[in-house]
Each structure stands twice: as C-alpha cells, then as structure tokens.
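S.K.: Sharing a structure, written as structure tokens. Questions coming.
Since every read-out is calculated from the coordinates, none of them should be taken as a lab result. Because the structure is a prediction, the values reported are computed rather than measured. Here Cβ is always computed from backbone atoms with ideal geometry, including for glycine, and neighbour counts include all displayed protein chains.
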Ligand code: GAL
C-alpha cells in the first residue's frame, strides 16, 4: 500500500472523528425510513405546541414525552404570535421557539419543525397574522405574488434563525425534519391550476432555503421531489407515498380531538390508538407522530374555529395540565418499547404478509442477520380469534394486534392494557379569606360614546382587525306616540341577522337577549320582542367574535358581525328596515381601553364592593386579589358559575370562558373496537363544554395576584374557585396470562423457562398515598375504572392482597394469579383482575 493512501485514510478517520465529535449528523431518507448518519430509524414523535403551555412547563413535558418512548417532538411555528405587526417580531415568553428547540435537544430528542406558515391547528386564523389580509392584492395560499412574498419572508426568517442557532441536525442541532404548508392537497384539488403552481413554488422555495434536512408536505399527494408527502388521520396504514423511494410517514396520528364551545368533549380509547399505530408499523410505516402528545391551552385569544374552546386538551397522552393521562400514556409507552424491540427487523425491508383467517393476518419482518419480528392482527371488531402461527397458537382479542419481537413470544397486545388508569379530580383550594370581589360596570360608560358612524352595517373583522372580540353597533329608533303596541303591549319583534359569532342585544341600556352560533353554523339570527317606548330608543348590538376561522377554502374572506338585514316587525307601518340607517360604531370595550385586566389599569378606576357583585349583571368587570397556594400541583379556575367572557391573572389572559354554553349531543358508551371517528366517543353531554381553566403556576406570585374577569352575560363571581388537579383513584384491569415485556425479557435472558403471571401495578401522584381499596375482583368483573362491578365469577379474597400490600403506600404491585386471591373461582373461564384504589 502506498504511504499516500495510508495518509489519506488517516485524514479521513480524523475528519470522521471530528464530524462525530461535533455531534453533527446527516439526515436523509430512503424507501423505508428517515436515515440518520445512514442508519434507518423507526421514529416515534409527538406534537407539543410551545405557545400552548408555559416555558416553565416545557422541560417536564419534554421529559415525560421522553419517558413515554418518544424520539422526536413536533411543533408548528405560529406566525401570528411571532409577527404581531408587520416586521415586529416576538420570540419571548411562551413564544421563545429557540429555547423550546434547545430544551428538546438537551433532553436528547429530535425536533420536527412544521413552519407552515399556514398551520390550521384550531389556532386563530390558522396562524396567519390578521394584518396579512390587508396587504393590497393579497390572496392566501395560492399562486399570488403578495402572499408568496410574505410567506417566503417569514419562512426564511425562521430557517435563518434556526441556522444561526445551529439547530439543524446537519449543524449538530436537533431538527431532523421540516414541513412547508399544511394539508394543501385538498385545497389544491379545489382551486386547480393556480394551486398546483403554488405547490411547486412552495416546494422550491423551501428546498432552496438549504436546511440540510428533509422537508415534508402532509396530505399532499403531488408533493414535488425531494419533498416527502405524508399522511394525517385516525388511521394511515392504507397510505403510500407518491414515490417508491420515499418512506411511509404519518405526521398526525390523532390521539383524540379538539373541543368546541357547545360541543361534547371527544376522547379516543388507548386500545384503538395503539391498534392504529401497530397497524401502520406492520404495513411498513417508519415514522409516526402523535397529534397531540400534549395539547395544552389556547391562552388569550389564540383559539381559532370559531368556537374552539380554551382547553386544547385533545385527550392527549399528557393532559392539558401536563399530567400523565393514564392508561393512554402508559399503554403507548409499552407499545413503543415493543416496537423498538422489533426495530432491527422492521428497518430491513418490507414484511411478508400471510392470512391467518378471514379477518386475521400475520406481518413478518426478517433481517439478513436473522432478526425476526411479527405482528399478528385481528381486524374483527366483535370476536376473539385463535390463530396458528409458526408452531404455536395465539389468542387475539377483537380489533387488536399482538407484537412478537422474536416471532414467537407476544410482548404486547394493543387491546390488553397493562398500564394503570387514573381518575382525576378537581379539588377546591382554600384561598385565605376566599375571593372578595369588586365590580366595575362596563355598560354605564360604554356604548353611548361611539367612535365613528356609518350608513349601513360594517363587517366586523375589517372593522376591528381582530384587535378585540367586541364591536358595538348602535342606532336610534324613533317610536311615535300613536304606535298600537304601546297600548296593546304586544311589543314589536327585532330581527337581526349576523354572520357570527355571538350577539347581545341591548334596548335602552338593558340586555334584551342573546344569540350565538356554533363551529358548524357560525351565523346567527336574533329574533325577539323588544320593549320599545315612545320617543327615541337606543338599540345597541354587541357583536362578539369567538376566534377566527382556521381552515377551509379562503377562510380569510369569511365574514363576522352584524351584516343584516335588521328589521322591526309589528309597528303601525308593518315592518321597518333598520339596516340602511345611520349606525354608530365602537371597537372593543371600555374596560379594554382602560386595560382593566392589568395591575395599573385596574387601579385607574373606581370599583364597587358588596351586594352589587351578586346582582348578576351583564357586561361587568370583576376583580380580586389572592395569594398563591403552596405546592406545585396544577391549578385551574372553576368558572362553572359564570356565563361567557374572558379571565386574566396578573395581566395575562387565561383565555375565553363560556361554561354557559352546554354541550349538546349524545354521549353513549363507547367500545374501543371498530373504526374510530371524532364523533364516536364523547363525554360531558348536557354539561359545560369547558368548566375549568388552566392557571400556569409560573403566572402566579407568592402574594397579591390580581384576578380579573369580564362577564358578558350575568354570571356569579362568588361561584368562582381555585382548584387543584390531582389523582382521585387509580385502577388496573389485567387479564390472567396477559403478555408483558418483563415476562418476555425474563424468558429471553434465560432467568425463567415458563411464562410468568402478570402483575397489577398501582401508584398515586406525588405526595399522595393509597388510602383505601374501592374495588377489587379477580374473576369476571365488568365496567370501567370508576364504575367496576362484580361479575358472575369472583374470588372471595380479591381485596385481601391489595389491602395488605397497597393501603398506606404510594405504590404497590400484586401478582395476578388465582392463589393470591384464595384460589381459582371459576376454572376454565378466562379471568381478569379489576382493582380501584383511592389516592389521597
Ligand atoms: C389537521 C390539521 C391540524 C389540526 C387537525 C385537527 O387536519 O393539519 O392542524 O387542525 O386537523 O385537530
């Protein structure tokens, strides 16, 4: 060998060492997977949107995501939060994107950065700043010059910021993937040629920014190379990318669904979510992202829709408050471990598929080095299946997939939940001396001093530019003394048509009625008798926006506010049209102009105390001071006694509240088995869509916190309470012989040579202990956590073991075997253990 060559090798080794040492990696992809430094990876990701929590919560959320088995954190970038007015950028507080990305890196996880900048996300205006709409000649998300200039500018700004901080993986940072646009495919389909041109432009623009990592476009079948098109949905196993050399990726596996004011709260059973993920992986998928992993909160006026609630909990594995949602979090964690055990076989190539029955299949992955992993699926939503695979038999529950990382032993079945479940409670926190409220009447000073007038009715968003939810429309109506209704008492009917979203009608200063729409029908009609008197009457309409739309063709052009017609019926003249007379306008509330939500603003006016507070008047501001409770359990405000409005702590808005809007719909019992959609499993029917409003700890000072409420309707502030969110009880629901990873590991390591019995593990929250056993039955118990009941078969000593090992402890484990519960209560019957333990 020539010495030159040797020298060359030495240099290469040295350079390689430098490159590895600097933590830089190359990210690419092939037909199977995203590759990092040439290695194919099965990547598990989860969405956590940084502005939907507080920076103080971020490390804990990321840590819990890591413990839950995630490799990647995915987030959108929220343009309207970062550029509130043109060229004025904001990257602080919960918009500190760089800090968020760095925290993910510190935790050793990757980032998938979805820049959009259209994000949908149930976020106000889909993430677009409202000022964007007023750029001359602009047309959103199509082949439009002014739009493309702005989109390019913002995307480049973010990319450059990430580069400057060396946050791309190619620079040693955590970002391995980016996204441009969001679900543009359906939109392109609708608008045709200009849509296609825009897609090409967006792809070129993004790739041209040279991030060094791949870009994806979700729900975009014609994503131009080298961009990977990906799938979003409740299931994505059917999906294949548009080119054979792109990997099969699932950018939004919906863990639940969002809530709208007036709607019930959707949830998705963990068994079905796990089934959908296992199904995706067994069909060759290699990247899955949970949307949402932590949903969080739409603070302030960031909720979109319209009518999206302040809570964006999403039934995600981490709940709105950042606590583990069990059993979902634990069941997915177990799934991720099972998948990772299969990784060597999974990344080797496509599986071979064999039918095992009418609704049963085996997917088998083999690597050249001999690794073998199998997924056994039973798609039948109604019955168990006993299948033969290899030289063994397997019992598959309905609608489930078993995972066998060695093609022999089951370590996991998607319908067998080994993780404990937890029931949460909201406990009142004693605030020293209680809240003592003072009131300020918005009504008295507000709608009389209009700011400008116009002939006819103005569209609301064009008028307010979304600076406030509120727009006053007022006009005078002259009633002659000879009007018939003045004698008969049959008052005329005022009819107001509004494009949305809510409307309060005041006649001569008194609230006469309210009307509101919904997410599906934002438009509303108010039509009620109104008490007019002879002479001049003042009709004042307070039109209220409840978040701007975030999805749909050209949603930026959708109207809000009172567009009319407005008519009075039942006068001597019959019907009078008020739409085209002179109207006076006022943007926003008096209290908003005075900044009553802030410490300084609130001390600039006279507040009143005492009985006035309990009068349940509309358009009232309330304030009180309080000291922060000790401890760090998550906090919320119970707003159950209130109507509709907004609430602030120390000047920061917790969001819009609207507990008076009750959830309509039917909440029937929901079986995990069978195809899921967002209407299948619902809760809260007949109750407030949202009663509790998250108070981040970091917003509080030890003493002297200012709580301000603006109430539109006439709620009672004396019913507002500070509450703590804690575990109420924990449950386990374990079948005998249920597969566990532990069992498999013990066998694989040769420590045992026959299957072990599973264990029921229970643990309460930090600082809590198990105080009693509410239920325990080994046999054929029925029901779910919180409402278990005995079945026809019950071991008489079911409680004893739990009383002994659990009560007084913060956690415990009990083996699920007949001898532990006093013997087999019903031989030859498949038994399980259900237990519920109270935490306090
Ligand atoms: C998707 C969209 C997300 C979110 C989701 C529903 O289609 O990409 O941003 O809106 O729907 O929660």
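S.K.: Give me the extension gain from residue 577 to residue 85: residue separation times 0.36 nm, minus the current Cα-Cα distance, reported in nm with one decimal.
M.R.: 173.2 nm
S.K.: Just order 425-434, 329-338 by mean Cβ neighbour count inside 10 Å, highest at the front, would you?
M.R.: Top to bottom by mean Cβ count within 10 Å: 329-338, 425-434.
S.K.: Rg and Dmax in Å for region 679-771, alpha carbons only: what are they?
M.R.: Answer for region 679-771, Rg first and Dmax second: 23.3, 69 Å.
S.K.: Continuing with this model, one more query. How long is region 461-570 along each principal axis, judged by its Cα atoms, biggest number first, in Å?
M.R.: Per principal axis, max minus min of the Cα coordinates gives 51, 24, 19 Å.
S.K.: Compare the peptides 542-551, 479-488, 154-163 by average per-residue count of other Cβ atoms within 10 angstrom and give them in order, highest first.
M.R.: 542-551, 154-163, 479-488
S.K.: Whole number please: convex hull volume per residue, Cα atoms of region 715-832, in Å³.
M.R.: With only Cα atoms used, region 715-832 gives 158 Å³ per residue.
S.K.: To the nearest 0.05, what FRET efficiency results for residue 683 and residue 481 with a Förster distance of 45 Å applied to their C-beta separation?
M.R.: 0.20
S.K.: Another question, if that's okay. Just round it to a whole percent: the fraction of Cα-Cα distances in region 314-412 exceeding 20 Å.
M.R.: Beyond 20 Å sits 45 percent of the P(r) for region 314-412.
S.K.: I've got another one for you. If I take R0 = 51 Å and measure r between the Cβ atoms of residue 753 and residue 31 in this structure, what FRET efficiency does the formula 1/(1 + (r/R0)^6) give, to the nearest 0.05?
M.R.: Calculated value: 0.80.
S.K.: Hey, another quick one. Suppose R0 equals 45 Å. What FRET efficiency, 1/(1 + (r/R0)^6) with r the Cβ-Cβ distance, do residue 703 and residue 668 give to the nearest 0.05?
M.R.: Working from the Cβ atoms, E equals 0.40.
S.K.: Output the Kirkwood hydrodynamic radius of region 117-219, Cα pairs only, in Å rounded to one decimal.
M.R.: By the Kirkwood definition, the hydrodynamic radius is 14.5 Å.
S.K.: What ranking, highest mean first, results for peptides 115-128, 66-79, 454-467 when packing means the other Cβ atoms within 10 Å averaged over each residue?
M.R.: The peptides rank, most packed first, as 115-128, 66-79, 454-467.
S.K.: Let me ask another. Could you state the angle between the C-alpha long axis of helix 58-67 and the longest principal axis of the C-alpha atoms of the chain, as a value from 0 to 90 degrees rounded to the nearest 10?
M.R.: 30 degrees
S.K.: Distances over 20 Å make up what percent of all Cα-Cα pairs in region 390-488?
M.R.: Here the long-distance tail beyond 20 Å is 75 percent of all Cα pairs in region 390-488.
S.K.: Here is a further query. Against the longest alpha carbon principal axis of the chain, how many degrees, from 0 to 90 and to the nearest 10, is the axis of helix 193-208 turned?
M.R.: That helix lies at roughly 60 degrees to the long axis.
S.K.: Then there is this: log10 I(q)/I(0), Debye, Cα-only region 569-654, no solvent, q = 0.13, 0.15, 0.20 Å⁻¹?
M.R.: -0.66, -0.79, -1.12
S.K.: Another question about this same structure. Would you mind calculating the relative contact order of the chain from Cα pairs under 8 angstrom and at least 6 residues apart, reporting the percent as a whole number?
M.R.: Here the relative contact order equals 11 percent.
S.K.: Please report, for the Cα atoms of region 253-366, the Rg to one decimal and the Dmax as a whole number; what are they, in angstrom?
M.R.: That works out to 17.3, 54 Å for Rg and Dmax.
S.K.: How big is the C-alpha Rg of region 512-553 next to the rule-of-thumb value 2.2 N^0.38 Å, as a ratio?
M.R.: The value comes to 1.63.
S.K.: Residue separation times 0.36 nm, minus the C-alpha to C-alpha distance between residue 340 and residue 367: what's the value?
M.R.: Full extension of this stretch gives 8.3 nm more.
S.K.: Moving on. Report, as a whole number in µm² per second, the diffusion coefficient that Stokes-Einstein gives for region 785-840 at 10 °C and 1.306 mPa s using the Kirkwood radius over alpha carbon pairs.
M.R.: Answer from the Stokes-Einstein relation: 128 µm²/s.
S.K.: Given the C-alpha centroids of region 267-301 and region 31-67, what is the distance between them in whole angstrom?
M.R.: 13 Å
S.K.: Roughly how far apart, in whole Å, are the Cα centres of region 131-150 and region 569-646?
M.R.: 36 Å
S.K.: Could you pull the Cα extents of region 605-734 along its three principal axes, largest to smallest, in whole Å?
M.R.: That works out to 60, 34, 22 Å along the principal axes.
S.K.: Based only on the alpha carbon positions, what is the Kirkwood hydrodynamic radius of the chain, in angstrom?
M.R.: 29.6 Å
S.K.: Summing -39500 (n - 2.57) over the DSSP H runs of n ≥ 4 in the chain and dividing by its residue number, what mean residue ellipticity at 222 nm do you reach, to the nearest 500 deg cm²/dmol?
M.R.: -5500 deg cm²/dmol
S.K.: Between the helical axis of 97-106 and the dominant principal axis of the chain, each derived from Cα atoms, what acute angle in degrees is found, rounded to the nearest 10?
M.R.: 20 degrees
S.K.: Quickly work out the residue 826-to-residue 746 label distance, labels modelled 7 Å from Cα along the C-beta direction, and quote it in nm with one decimal.
M.R.: 2.7 nm
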